[in-house]
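To start, the structure itself, in C-alpha coordinates.
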Amino acid sequence: MDTQDLDILMGHLGDFGKYQCFQFILHVLSGVTAGMHMLSLVTVGAVPDHRCYIPDIDQHSNITMYNHPEADNYVPISKTGSYDNCNIFINGTSSNETTRCNRWIYDDTYYKSSRGIEWDFVCDRRWMGAVAQSSYMFGVFLGAITLGSAADKYGRKPVYCWSATLQLILGVLVAFIPEYYSFLVIRFLYGIVGSAGAYIPGFVLTMELVGASKRTACGIAFQGAFAFGFMLVAGWGALVKDRQLLQVIYGLHSLILIANWWIMDESPRWLWAQGRVKESVRIIQKALKMNGSNIKVDEADYSSNVKLHNMEEKASSEEAGMMDLFKTPNLRNKTLNICLCWFANSIAYYGLSLSTGKMSGNPFLILFLMGLVEIPSYILTSLIMDRTGRRGLIAFYMLTGGICCLGAAKMTQGSTESTTVVMIGKFLIASSFAIVYNYSAELFPTVVRNSALGLGSMCARLSGAMTPLITLLDSFDPTLPAMIFGVIALISGFLTLFLPETLGSPMPQSIEDGENFGVGDTCFTSCMGKKRRNANRRPTKEENMEQMVPLGTNNSK
(Lines give C-alpha, C1' and ligand atoms only; values in the text may rest on other atoms or scores of the structure.)
Protein backbone atom coordinates (compact mmCIF):
# COMPACT_ATOMS: atom_id res chain seq x y z
CA MET A 1 0.00 0.00 0.00
CA ASP A 2 1.32 3.51 -0.84
CA THR A 3 0.14 6.87 -2.09
CA GLN A 4 -0.77 5.35 -5.45
CA ASP A 5 -3.81 3.87 -3.70
CA LEU A 6 -4.83 7.35 -2.60
CA ASP A 7 -4.23 8.74 -6.08
CA ILE A 8 -6.58 6.10 -7.47
CA LEU A 9 -9.22 6.96 -4.88
CA MET A 10 -8.90 10.72 -5.44
CA GLY A 11 -8.98 10.13 -9.18
CA HIS A 12 -12.53 8.76 -8.81
CA LEU A 13 -13.62 12.22 -7.63
CA GLY A 14 -12.64 13.95 -10.85
CA ASP A 15 -10.88 17.29 -10.90
CA PHE A 16 -13.70 19.52 -9.68
CA GLY A 17 -17.03 17.93 -8.80
CA LYS A 18 -19.81 19.22 -6.55
CA TYR A 19 -17.95 18.15 -3.42
CA GLN A 20 -14.73 19.94 -4.38
CA CYS A 21 -16.72 23.02 -5.36
CA PHE A 22 -18.51 23.13 -2.00
CA GLN A 23 -15.32 22.65 0.00
CA PHE A 24 -13.47 25.17 -2.17
CA ILE A 25 -16.09 27.84 -1.37
CA LEU A 26 -15.59 27.16 2.35
CA HIS A 27 -11.82 27.40 1.94
CA VAL A 28 -11.72 30.52 -0.23
CA LEU A 29 -13.79 32.58 2.22
CA SER A 30 -10.60 32.79 4.28
CA GLY A 31 -9.08 34.85 1.46
CA VAL A 32 -11.83 37.47 1.83
CA THR A 33 -11.27 37.88 5.57
CA ALA A 34 -7.47 37.83 5.12
CA GLY A 35 -7.59 40.76 2.69
CA MET A 36 -9.99 42.67 4.90
CA HIS A 37 -7.91 42.26 8.07
CA MET A 38 -4.69 43.09 6.22
CA LEU A 39 -5.91 46.51 5.03
CA SER A 40 -8.33 47.40 7.84
CA LEU A 41 -5.94 49.96 9.34
CA VAL A 42 -6.04 51.97 6.10
CA THR A 43 -9.52 53.18 7.15
CA VAL A 44 -9.54 52.53 10.90
CA GLY A 45 -6.19 54.28 11.33
CA ALA A 46 -6.59 56.84 8.53
CA VAL A 47 -4.90 60.23 8.76
CA PRO A 48 -6.98 62.76 6.78
CA ASP A 49 -5.72 66.19 5.69
CA HIS A 50 -4.87 68.28 8.72
CA ARG A 51 -3.44 71.60 9.88
CA CYS A 52 -2.22 73.02 13.18
CA TYR A 53 -4.78 74.03 15.80
CA ILE A 54 -5.02 77.84 15.90
CA PRO A 55 -6.10 79.10 19.34
CA ASP A 56 -7.13 82.54 18.06
CA ILE A 57 -9.80 81.11 15.75
CA ASP A 58 -10.45 77.47 16.64
CA GLN A 59 -11.19 77.92 20.36
CA HIS A 60 -13.66 80.72 19.67
CA SER A 61 -15.50 78.96 16.87
CA ASN A 62 -18.64 76.89 17.48
CA ILE A 63 -17.78 74.79 14.42
CA THR A 64 -14.12 73.90 13.92
CA MET A 65 -13.35 73.91 10.22
CA TYR A 66 -10.25 72.53 8.53
CA ASN A 67 -10.66 75.07 5.72
CA HIS A 68 -11.32 78.02 8.02
CA PRO A 69 -11.19 81.29 5.99
CA GLU A 70 -8.76 82.90 8.45
CA ALA A 71 -6.41 79.92 8.68
CA ASP A 72 -4.19 81.33 5.92
CA ASN A 73 -3.16 84.10 8.32
CA TYR A 74 -1.72 81.62 10.80
CA VAL A 75 -0.57 78.51 8.92
CA PRO A 76 2.30 78.52 6.40
CA ILE A 77 1.50 77.27 2.91
CA SER A 78 3.70 74.46 1.55
CA LYS A 79 5.22 74.36 -1.93
CA THR A 80 2.33 72.22 -3.14
CA GLY A 81 -0.20 74.89 -2.15
CA SER A 82 -1.63 73.01 0.84
CA TYR A 83 -1.34 73.83 4.53
CA ASP A 84 1.92 73.08 6.31
CA ASN A 85 0.85 70.21 8.51
CA CYS A 86 3.30 70.67 11.33
CA ASN A 87 4.15 74.37 11.73
CA ILE A 88 2.33 77.56 12.67
CA PHE A 89 3.32 81.22 12.64
CA ILE A 90 4.14 82.42 16.15
CA ASN A 91 2.30 85.76 15.79
CA GLY A 92 0.29 85.23 12.62
CA THR A 93 1.52 86.52 9.28
CA SER A 94 2.94 89.59 10.98
CA SER A 95 5.92 87.38 11.78
CA ASN A 96 7.77 84.91 9.60
CA GLU A 97 8.82 82.90 12.65
CA THR A 98 7.19 79.48 12.93
CA THR A 99 6.98 76.87 15.64
CA ARG A 100 5.97 73.22 15.75
CA CYS A 101 2.42 72.63 16.84
CA ASN A 102 1.18 69.87 19.17
CA ARG A 103 -2.50 69.92 18.35
CA TRP A 104 -4.24 69.52 15.01
CA ILE A 105 -7.52 70.12 13.19
CA TYR A 106 -8.51 67.34 10.76
CA ASP A 107 -10.54 67.50 7.58
CA ASP A 108 -13.71 65.54 8.38
CA THR A 109 -15.02 65.32 4.81
CA TYR A 110 -14.43 61.56 4.67
CA TYR A 111 -13.31 60.53 8.17
CA LYS A 112 -15.20 61.50 11.31
CA SER A 113 -13.01 59.39 13.60
CA SER A 114 -9.99 57.12 13.34
CA ARG A 115 -7.04 55.89 15.35
CA GLY A 116 -4.91 58.33 13.36
CA ILE A 117 -7.08 61.23 14.55
CA GLU A 118 -7.32 60.04 18.16
CA TRP A 119 -3.61 59.39 18.56
CA ASP A 120 -2.37 62.03 16.09
CA PHE A 121 -0.34 59.88 13.67
CA VAL A 122 1.08 63.08 12.15
CA CYS A 123 4.35 65.01 11.95
CA ASP A 124 6.77 63.70 14.60
CA ARG A 125 4.27 60.93 15.46
CA ARG A 126 3.88 59.52 11.95
CA TRP A 127 6.01 56.57 12.97
CA MET A 128 3.20 55.40 15.24
CA GLY A 129 0.89 54.69 12.30
CA ALA A 130 3.67 52.94 10.35
CA VAL A 131 4.63 50.78 13.33
CA ALA A 132 0.98 49.87 13.90
CA GLN A 133 0.76 48.51 10.34
CA SER A 134 4.18 46.84 10.60
CA SER A 135 3.19 45.11 13.85
CA TYR A 136 0.38 43.39 11.97
CA MET A 137 2.73 42.44 9.13
CA PHE A 138 5.26 40.96 11.55
CA GLY A 139 2.38 38.94 13.00
CA VAL A 140 1.64 37.62 9.51
CA PHE A 141 5.35 36.78 9.17
CA LEU A 142 5.30 34.73 12.38
CA GLY A 143 1.97 33.15 11.50
CA ALA A 144 3.21 32.03 8.09
CA ILE A 145 6.12 30.22 9.76
CA THR A 146 4.50 28.73 12.85
CA LEU A 147 0.95 28.01 11.68
CA GLY A 148 2.16 26.60 8.38
CA SER A 149 4.21 24.02 10.27
CA ALA A 150 1.35 23.44 12.71
CA ALA A 151 -0.98 22.67 9.80
CA ASP A 152 1.47 20.02 8.61
CA LYS A 153 1.71 18.52 12.09
CA TYR A 154 -1.79 18.83 13.54
CA GLY A 155 -3.94 19.07 10.45
CA ARG A 156 -5.24 21.75 8.12
CA LYS A 157 -8.74 21.96 9.58
CA PRO A 158 -7.91 22.57 13.28
CA VAL A 159 -5.42 25.32 12.43
CA TYR A 160 -7.93 26.88 10.03
CA CYS A 161 -10.81 26.79 12.51
CA TRP A 162 -8.87 27.90 15.58
CA SER A 163 -7.41 30.78 13.57
CA ALA A 164 -10.88 31.75 12.38
CA THR A 165 -12.13 31.78 15.96
CA LEU A 166 -9.19 33.83 17.22
CA GLN A 167 -9.35 36.34 14.38
CA LEU A 168 -13.01 36.88 15.24
CA ILE A 169 -12.15 37.54 18.90
CA LEU A 170 -9.07 39.69 18.24
CA GLY A 171 -10.68 41.52 15.32
CA VAL A 172 -13.42 42.75 17.65
CA LEU A 173 -11.21 43.19 20.72
CA VAL A 174 -8.72 45.47 18.95
CA ALA A 175 -11.50 48.04 18.47
CA PHE A 176 -11.71 48.64 22.22
CA ILE A 177 -8.02 48.89 23.14
CA PRO A 178 -7.52 52.40 24.61
CA GLU A 179 -3.71 52.49 24.82
CA TYR A 180 -1.24 52.54 21.92
CA TYR A 181 1.33 49.94 23.00
CA SER A 182 -1.35 47.45 24.04
CA PHE A 183 -2.90 48.12 20.65
CA LEU A 184 0.39 47.10 18.98
CA VAL A 185 0.45 43.80 20.88
CA ILE A 186 -3.12 42.94 19.90
CA ARG A 187 -2.43 43.98 16.30
CA PHE A 188 0.58 41.65 16.26
CA LEU A 189 -1.50 38.71 17.54
CA TYR A 190 -4.29 39.70 15.16
CA GLY A 191 -1.82 39.46 12.27
CA ILE A 192 -0.75 35.92 13.21
CA VAL A 193 -4.26 34.55 12.77
CA GLY A 194 -5.92 37.27 10.67
CA SER A 195 -4.08 36.98 7.36
CA ALA A 196 -2.11 33.77 7.74
CA GLY A 197 -3.84 31.35 10.10
CA ALA A 198 -6.92 30.51 8.06
CA TYR A 199 -5.77 31.63 4.61
CA ILE A 200 -2.75 29.34 4.41
CA PRO A 201 -4.46 26.08 5.50
CA GLY A 202 -7.46 27.02 3.34
CA PHE A 203 -5.24 27.34 0.28
CA VAL A 204 -3.47 24.05 1.00
CA LEU A 205 -6.79 22.26 1.59
CA THR A 206 -7.94 23.34 -1.86
CA MET A 207 -4.66 22.40 -3.56
CA GLU A 208 -4.81 18.93 -2.01
CA LEU A 209 -8.44 18.36 -3.01
CA VAL A 210 -8.91 19.61 -6.57
CA GLY A 211 -7.44 17.98 -9.66
CA ALA A 212 -4.25 19.19 -11.33
CA SER A 213 -6.14 20.88 -14.17
CA LYS A 214 -7.99 23.16 -11.71
CA ARG A 215 -5.16 24.08 -9.38
CA THR A 216 -4.05 27.21 -11.25
CA ALA A 217 -7.58 28.60 -11.45
CA CYS A 218 -8.36 27.81 -7.81
CA GLY A 219 -5.06 29.24 -6.63
CA ILE A 220 -5.65 32.49 -8.47
CA ALA A 221 -9.22 32.56 -7.11
CA PHE A 222 -7.70 32.85 -3.63
CA GLN A 223 -5.85 35.96 -4.80
CA GLY A 224 -9.12 37.33 -6.15
CA ALA A 225 -10.84 36.68 -2.81
CA PHE A 226 -8.02 38.58 -1.10
CA ALA A 227 -8.64 41.54 -3.42
CA PHE A 228 -12.39 41.35 -2.70
CA GLY A 229 -11.49 41.77 0.97
CA PHE A 230 -9.79 45.05 -0.02
CA MET A 231 -12.98 46.22 -1.65
CA LEU A 232 -15.03 45.37 1.44
CA VAL A 233 -12.66 47.49 3.54
CA ALA A 234 -13.44 50.43 1.27
CA GLY A 235 -17.19 49.75 1.14
CA TRP A 236 -17.66 49.53 4.90
CA GLY A 237 -15.32 52.49 5.44
CA ALA A 238 -17.51 54.68 3.23
CA LEU A 239 -20.69 53.62 5.08
CA VAL A 240 -19.55 53.53 8.73
CA LYS A 241 -17.95 56.69 10.12
CA ASP A 242 -17.29 55.57 13.69
CA ARG A 243 -13.89 53.89 13.75
CA GLN A 244 -14.77 51.61 16.70
CA LEU A 245 -17.92 50.26 15.09
CA LEU A 246 -16.08 49.96 11.77
CA GLN A 247 -13.37 47.74 13.30
CA VAL A 248 -16.04 45.62 15.01
CA ILE A 249 -17.73 45.08 11.64
CA TYR A 250 -14.42 44.06 10.08
CA GLY A 251 -13.82 41.59 12.90
CA LEU A 252 -17.34 40.12 12.74
CA HIS A 253 -16.78 39.06 9.13
CA SER A 254 -14.84 36.10 10.52
CA LEU A 255 -18.19 34.68 11.63
CA ILE A 256 -18.54 33.29 8.10
CA LEU A 257 -15.65 30.92 8.88
CA ILE A 258 -16.91 29.60 12.21
CA ALA A 259 -19.39 27.13 10.66
CA ASN A 260 -16.39 25.32 9.15
CA TRP A 261 -15.85 23.63 12.52
CA TRP A 262 -18.82 21.45 11.52
CA ILE A 263 -19.17 21.51 7.72
CA MET A 264 -15.58 21.57 6.41
CA ASP A 265 -13.62 18.34 6.05
CA GLU A 266 -9.98 17.64 6.80
CA SER A 267 -7.69 16.98 3.84
CA PRO A 268 -7.93 13.29 2.82
CA ARG A 269 -4.31 13.49 1.68
CA TRP A 270 -3.12 14.76 5.07
CA LEU A 271 -5.12 12.09 6.91
CA TRP A 272 -3.69 9.40 4.64
CA ALA A 273 -0.16 10.66 5.21
CA GLN A 274 -0.73 10.43 8.97
CA GLY A 275 -1.89 6.83 8.70
CA ARG A 276 -5.50 7.77 9.47
CA VAL A 277 -6.68 5.80 6.46
CA LYS A 278 -10.23 5.05 7.61
CA GLU A 279 -10.98 8.74 8.15
CA SER A 280 -9.52 9.57 4.76
CA VAL A 281 -11.59 6.89 3.02
CA ARG A 282 -14.78 8.02 4.77
CA ILE A 283 -14.33 11.56 3.47
CA ILE A 284 -13.73 10.22 -0.04
CA GLN A 285 -16.88 8.10 0.27
CA LYS A 286 -18.82 11.22 1.25
CA ALA A 287 -17.32 13.11 -1.68
CA LEU A 288 -18.16 10.36 -4.18
CA LYS A 289 -21.75 10.37 -2.97
CA MET A 290 -22.04 14.15 -3.31
CA ASN A 291 -20.49 14.00 -6.79
CA GLY A 292 -23.13 11.46 -7.84
CA SER A 293 -20.63 8.66 -8.41
CA ASN A 294 -21.72 5.02 -8.25
CA ILE A 295 -18.24 3.85 -7.24
CA LYS A 296 -18.21 2.05 -3.89
CA VAL A 297 -15.18 2.16 -1.64
CA ASP A 298 -14.69 -0.42 1.12
CA GLU A 299 -12.60 0.73 4.10
CA ALA A 300 -11.53 -2.83 4.78
CA ASP A 301 -9.62 -2.91 1.50
CA TYR A 302 -7.07 -0.47 2.87
CA SER A 303 -4.56 -1.79 5.33
CA SER A 304 -3.06 0.07 8.29
CA ASN A 305 0.32 -0.76 6.74
CA VAL A 306 -0.10 2.51 4.89
CA LYS A 307 0.89 4.26 8.09
CA LEU A 308 4.21 2.44 8.28
CA HIS A 309 4.90 3.12 4.62
CA ASN A 310 4.16 6.82 5.01
CA MET A 311 6.35 7.09 8.11
CA GLU A 312 9.24 5.61 6.18
CA GLU A 313 8.54 7.87 3.22
CA LYS A 314 8.36 10.91 5.48
CA ALA A 315 11.63 10.04 7.18
CA SER A 316 13.41 9.76 3.85
CA SER A 317 12.01 13.08 2.65
CA GLU A 318 13.09 14.84 5.86
CA GLU A 319 16.72 14.08 5.08
CA ALA A 320 16.62 17.17 2.88
CA GLY A 321 15.95 20.59 4.38
CA MET A 322 16.17 24.32 3.79
CA MET A 323 19.97 24.40 3.91
CA ASP A 324 20.10 22.05 0.91
CA LEU A 325 18.77 24.95 -1.16
CA PHE A 326 22.14 26.67 -0.73
CA LYS A 327 24.61 23.78 -1.00
CA THR A 328 24.91 23.53 -4.78
CA PRO A 329 25.49 26.46 -7.18
CA ASN A 330 22.52 26.19 -9.55
CA LEU A 331 20.02 25.51 -6.77
CA ARG A 332 21.54 28.32 -4.68
CA ASN A 333 21.24 30.82 -7.54
CA LYS A 334 17.62 29.88 -8.16
CA THR A 335 16.84 30.11 -4.44
CA LEU A 336 18.32 33.60 -4.03
CA ASN A 337 16.68 34.77 -7.24
CA ILE A 338 13.21 33.54 -6.33
CA CYS A 339 13.52 34.89 -2.76
CA LEU A 340 14.21 38.34 -4.22
CA CYS A 341 11.21 37.85 -6.48
CA TRP A 342 8.92 37.19 -3.49
CA PHE A 343 10.46 40.15 -1.63
CA ALA A 344 10.07 42.54 -4.59
CA ASN A 345 6.51 41.51 -5.39
CA SER A 346 5.41 41.97 -1.80
CA ILE A 347 7.12 45.34 -1.27
CA ALA A 348 5.71 46.76 -4.50
CA TYR A 349 2.25 45.28 -3.89
CA TYR A 350 1.87 46.69 -0.39
CA GLY A 351 3.70 49.90 -1.27
CA LEU A 352 1.05 50.60 -3.90
CA SER A 353 -1.82 49.36 -1.70
CA LEU A 354 -0.86 51.54 1.26
CA SER A 355 -0.38 54.65 -0.90
CA THR A 356 -4.10 55.29 -1.35
CA GLY A 357 -4.11 58.03 1.30
CA LYS A 358 -1.77 60.13 -0.85
CA MET A 359 -4.08 60.13 -3.87
CA SER A 360 -6.54 62.94 -4.39
CA GLY A 361 -10.25 62.23 -4.41
CA ASN A 362 -12.53 59.99 -2.40
CA PRO A 363 -10.17 57.64 -0.49
CA PHE A 364 -12.79 54.91 -0.27
CA LEU A 365 -13.38 54.93 -4.02
CA ILE A 366 -9.63 54.83 -4.65
CA LEU A 367 -9.15 51.91 -2.25
CA PHE A 368 -12.08 50.08 -3.86
CA LEU A 369 -10.56 50.56 -7.31
CA MET A 370 -7.17 49.37 -6.04
CA GLY A 371 -8.83 46.08 -5.12
CA LEU A 372 -11.06 45.95 -8.18
CA VAL A 373 -8.15 46.38 -10.60
CA GLU A 374 -6.69 43.09 -9.36
CA ILE A 375 -9.66 41.01 -10.50
CA PRO A 376 -9.10 41.39 -14.28
CA SER A 377 -5.37 40.91 -13.70
CA TYR A 378 -6.04 37.50 -12.16
CA ILE A 379 -8.48 36.51 -14.88
CA LEU A 380 -6.00 37.47 -17.59
CA THR A 381 -3.13 35.69 -15.84
CA SER A 382 -5.11 32.48 -15.39
CA LEU A 383 -5.95 32.48 -19.10
CA ILE A 384 -2.46 33.09 -20.46
CA MET A 385 -0.06 31.68 -17.85
CA ASP A 386 -0.26 28.12 -19.18
CA ARG A 387 0.24 29.39 -22.75
CA THR A 388 3.03 31.96 -22.43
CA GLY A 389 5.04 30.31 -19.67
CA ARG A 390 6.02 31.64 -16.27
CA ARG A 391 9.42 33.27 -16.69
CA GLY A 392 8.72 35.76 -19.46
CA LEU A 393 5.32 36.71 -18.09
CA ILE A 394 6.46 37.38 -14.53
CA ALA A 395 9.47 39.34 -15.79
CA PHE A 396 7.26 41.45 -18.04
CA TYR A 397 4.82 42.20 -15.22
CA MET A 398 7.56 43.14 -12.76
CA LEU A 399 9.55 45.28 -15.18
CA THR A 400 6.52 47.24 -16.37
CA GLY A 401 5.17 47.44 -12.81
CA GLY A 402 8.50 48.86 -11.65
CA ILE A 403 8.44 51.43 -14.46
CA CYS A 404 4.96 52.48 -13.30
CA CYS A 405 6.26 53.01 -9.75
CA LEU A 406 9.09 55.20 -11.06
CA GLY A 407 6.76 57.07 -13.39
CA ALA A 408 4.24 57.81 -10.64
CA ALA A 409 7.04 59.13 -8.42
CA LYS A 410 7.92 61.76 -11.01
CA MET A 411 4.32 62.91 -11.54
CA THR A 412 2.43 65.40 -9.45
CA GLN A 413 1.25 63.60 -6.34
CA GLY A 414 -2.51 63.13 -6.33
CA SER A 415 -2.95 64.04 -10.00
CA THR A 416 -5.21 62.03 -12.30
CA GLU A 417 -2.19 60.90 -14.31
CA SER A 418 -0.35 59.72 -11.18
CA THR A 419 -3.40 57.83 -9.90
CA THR A 420 -3.87 56.14 -13.27
CA VAL A 421 -0.25 55.01 -13.42
CA VAL A 422 -0.45 53.67 -9.85
CA MET A 423 -3.56 51.67 -10.80
CA ILE A 424 -1.78 50.20 -13.81
CA GLY A 425 1.20 49.35 -11.60
CA LYS A 426 -1.09 47.59 -9.12
CA PHE A 427 -2.62 45.58 -11.97
CA LEU A 428 0.81 44.44 -13.12
CA ILE A 429 2.30 43.66 -9.69
CA ALA A 430 -0.82 41.79 -8.62
CA SER A 431 -0.46 39.68 -11.76
CA SER A 432 3.17 38.80 -11.06
CA PHE A 433 2.36 38.03 -7.43
CA ALA A 434 -0.29 35.59 -8.64
CA ILE A 435 2.34 33.71 -10.66
CA VAL A 436 5.25 33.61 -8.22
CA TYR A 437 3.84 30.84 -6.01
CA ASN A 438 3.13 28.42 -8.85
CA TYR A 439 6.48 29.26 -10.45
CA SER A 440 8.34 28.66 -7.19
CA ALA A 441 6.63 25.30 -6.68
CA GLU A 442 7.69 24.15 -10.15
CA LEU A 443 11.31 25.30 -9.86
CA PHE A 444 12.31 23.31 -6.78
CA PRO A 445 12.50 19.53 -6.18
CA THR A 446 9.87 17.72 -4.18
CA VAL A 447 12.14 16.96 -1.21
CA VAL A 448 12.73 20.67 -0.49
CA ARG A 449 9.68 22.25 -2.14
CA ASN A 450 7.99 23.02 1.19
CA SER A 451 11.19 24.59 2.47
CA ALA A 452 11.63 26.67 -0.68
CA LEU A 453 8.08 27.98 -0.56
CA GLY A 454 8.37 28.69 3.15
CA LEU A 455 11.58 30.63 2.59
CA GLY A 456 10.08 32.63 -0.25
CA SER A 457 6.99 33.43 1.79
CA MET A 458 9.16 34.56 4.70
CA CYS A 459 10.87 37.02 2.36
CA ALA A 460 7.46 38.33 1.26
CA ARG A 461 6.29 38.73 4.85
CA LEU A 462 9.52 40.53 5.76
CA SER A 463 9.19 43.06 2.94
CA GLY A 464 5.50 43.52 3.80
CA ALA A 465 6.50 44.48 7.34
CA MET A 466 9.18 46.87 6.06
CA THR A 467 6.87 48.65 3.60
CA PRO A 468 5.06 50.95 6.08
CA LEU A 469 8.42 52.00 7.51
CA ILE A 470 9.84 52.75 4.05
CA THR A 471 6.89 55.05 3.36
CA LEU A 472 8.16 57.29 6.19
CA LEU A 473 11.11 58.22 3.97
CA ASP A 474 8.83 60.61 2.10
CA SER A 475 9.66 63.09 4.89
CA PHE A 476 13.05 63.49 3.19
CA ASP A 477 11.82 63.22 -0.39
CA PRO A 478 8.18 62.56 -1.37
CA THR A 479 9.32 60.46 -4.34
CA LEU A 480 11.76 58.26 -2.41
CA PRO A 481 9.43 55.38 -1.32
CA ALA A 482 7.99 54.89 -4.81
CA MET A 483 11.52 55.04 -6.27
CA ILE A 484 12.65 52.30 -3.88
CA PHE A 485 9.66 50.08 -4.72
CA GLY A 486 10.19 50.62 -8.45
CA VAL A 487 13.95 49.97 -8.45
CA ILE A 488 13.57 46.73 -6.44
CA ALA A 489 10.85 45.52 -8.82
CA LEU A 490 13.01 46.36 -11.85
CA ILE A 491 16.08 44.56 -10.48
CA SER A 492 14.10 41.46 -9.59
CA GLY A 493 12.18 41.50 -12.89
CA PHE A 494 15.44 41.55 -14.82
CA LEU A 495 16.99 38.76 -12.74
CA THR A 496 13.99 36.46 -13.26
CA LEU A 497 15.03 36.33 -16.93
CA PHE A 498 17.95 34.16 -15.77
CA LEU A 499 15.64 31.56 -14.23
CA PRO A 500 14.62 28.49 -16.28
CA GLU A 501 11.17 28.13 -17.81
CA THR A 502 9.05 25.46 -16.11
CA LEU A 503 6.05 25.20 -18.44
CA GLY A 504 5.87 21.72 -19.98
CA SER A 505 8.77 20.37 -17.93
CA PRO A 506 8.47 17.58 -15.35
CA MET A 507 8.84 18.83 -11.80
CA PRO A 508 12.22 17.85 -10.25
CA GLN A 509 12.07 15.39 -7.36
CA SER A 510 15.53 14.89 -5.84
CA ILE A 511 18.23 17.40 -4.92
CA GLU A 512 20.24 16.18 -7.91
CA ASP A 513 17.24 16.80 -10.18
CA GLY A 514 16.89 20.28 -8.73
CA GLU A 515 20.55 21.08 -9.33
CA ASN A 516 20.40 19.87 -12.94
CA PHE A 517 17.03 21.46 -13.69
CA GLY A 518 17.29 24.44 -16.01
CA VAL A 519 21.07 24.48 -16.34
CA GLY A 520 21.90 26.81 -19.24
CA ASP A 521 18.25 27.76 -19.74
CA THR A 522 17.77 31.53 -19.48
CA CYS A 523 15.60 33.91 -21.43
CA PHE A 524 18.66 35.06 -23.33
CA THR A 525 19.76 31.60 -24.48
CA SER A 526 16.18 30.78 -25.53
CA CYS A 527 15.79 34.06 -27.40
CA MET A 528 19.06 33.44 -29.24
CA GLY A 529 17.65 30.29 -30.77
CA LYS A 530 18.57 27.48 -28.41
CA LYS A 531 15.62 25.16 -28.25
CA ARG A 532 14.85 24.16 -24.71
CA ARG A 533 14.33 20.48 -24.24
CA ASN A 534 10.83 19.38 -23.35
CA ALA A 535 9.52 22.88 -23.98
CA ASN A 536 6.34 21.68 -25.59
CA ARG A 537 6.14 18.21 -24.11
CA ARG A 538 2.94 17.45 -22.27
CA PRO A 539 3.49 16.10 -18.74
CA THR A 540 2.79 12.43 -18.25
CA LYS A 541 0.14 11.01 -15.98
CA GLU A 542 2.79 10.20 -13.39
CA GLU A 543 4.04 13.81 -13.45
CA ASN A 544 0.52 15.12 -13.04
CA MET A 545 0.14 12.83 -10.04
CA GLU A 546 3.39 14.18 -8.62
CA GLN A 547 2.06 17.70 -8.87
CA MET A 548 -0.71 16.69 -6.49
CA VAL A 549 1.81 16.24 -3.68
CA PRO A 550 0.99 18.85 -0.99
CA LEU A 551 3.00 21.89 -2.04
CA GLY A 552 3.47 23.57 1.25
CA THR A 553 1.81 26.05 3.52
CA ASN A 554 2.83 29.54 2.55
CA ASN A 555 0.89 31.30 -0.17
CA SER A 556 -0.62 34.25 1.62
CA LYS A 557 0.26 37.71 0.44
Per-residue SASA entry for Phe494, accessible area with 1.4 Å probe, Å² rounded to 10: 100 Å²
Near-label residues of the range 139-179 by backbone N, under 16 Å of a point 7 Å along Cα→Cβ of Ile258: 161-174
Cα gyration tensor, the range 182-261 - rounded (a/c under 1.5), prolate or oblate: prolate
Spread of Cα-to-Cα distances over 5 Å intervals beginning at zero, given as percent, for the range 391-527: 2, 10, 15, 19, 18, 13, 9, 7, 4, 2, 0
Debye-sum result for the range 100-248 in log10 I(q)/I(0), which assumes one identical scatterer on each alpha carbon, at q = 0.12, 0.17, 0.21 Å⁻¹: -0.61, -1.06, -1.37
Leu365-Tyr180 pseudo-label distance in nm [points 7 Å out on the Cα-to-Cβ vector]: 3.4 nm
With DNA, RNA and ligands ignored, accessible area of Glu512 (1.4 Å probe; Å², nearest 10): 130 Å²
Sequence of Phe476, Phe485 when ordered by accessible area, the most exposed leading, probe 1.4 angstrom: Phe476, Phe485
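By the scheme Lys and Arg +1, Asp and Glu -1, what is the net charge of all other residues having a beta-carbon under 13 Å from that of Glu179?
Numbers: positive: Arg115, Arg187; negative: Glu118.
Result for the local shell: +1.
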Candidate residues Glu515, Glu97, Glu279, Glu374: accessible-area rank, largest first, probe 1.4 Å: Glu97, Glu279, Glu515, Glu374
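Using 0.36 nm per residue, how much length does the chain from Ile375 to Glu118 gain when fully extended, once their Cα-Cα distance is taken away? Before the final figure, lay out each step's value.
On the way: separation 257, 0.36 × 257 = 92.52 nm, distance 3.45 nm.
So the extension gain works out to 89.1 nm.
Set the bar at 30 Å for Cα to Cα. Now go through Lys157/Lys241; Lys278/Lys327; Lys153/Lys334; Lys153/Lys426; Lys334/Lys410; Lys214/Lys334 and name every pair that lies beyond it.
Details: Lys157/Lys241 36 Å; Lys278/Lys327 40 Å; Lys153/Lys334 28 Å; Lys153/Lys426 36 Å; Lys334/Lys410 33 Å; Lys214/Lys334 27 Å.
With Cα atoms farther than 30 Å apart: Lys157/Lys241; Lys278/Lys327; Lys153/Lys426; Lys334/Lys410.
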Whether the range 360-404 is rounded, prolate or oblate, judged on the alpha carbon gyration tensor where a/c under 1.5 counts as rounded: oblate
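The values are calculated or read from the model by the stated rules, or taken from the named source; none is laboratory data. Model, not experiment: these values are computed from the prediction. A quick note on method: Cβ atoms are made from the backbone with ideal geometry, for glycine too, and the neighbour counts reach across all protein chains shown. For accessibility, only protein heavy atoms count, side chains too; no ligands or nucleic acids. Shrake-Rupley method; radii C 1.70, N 1.55, O 1.52, S 1.80 Å.
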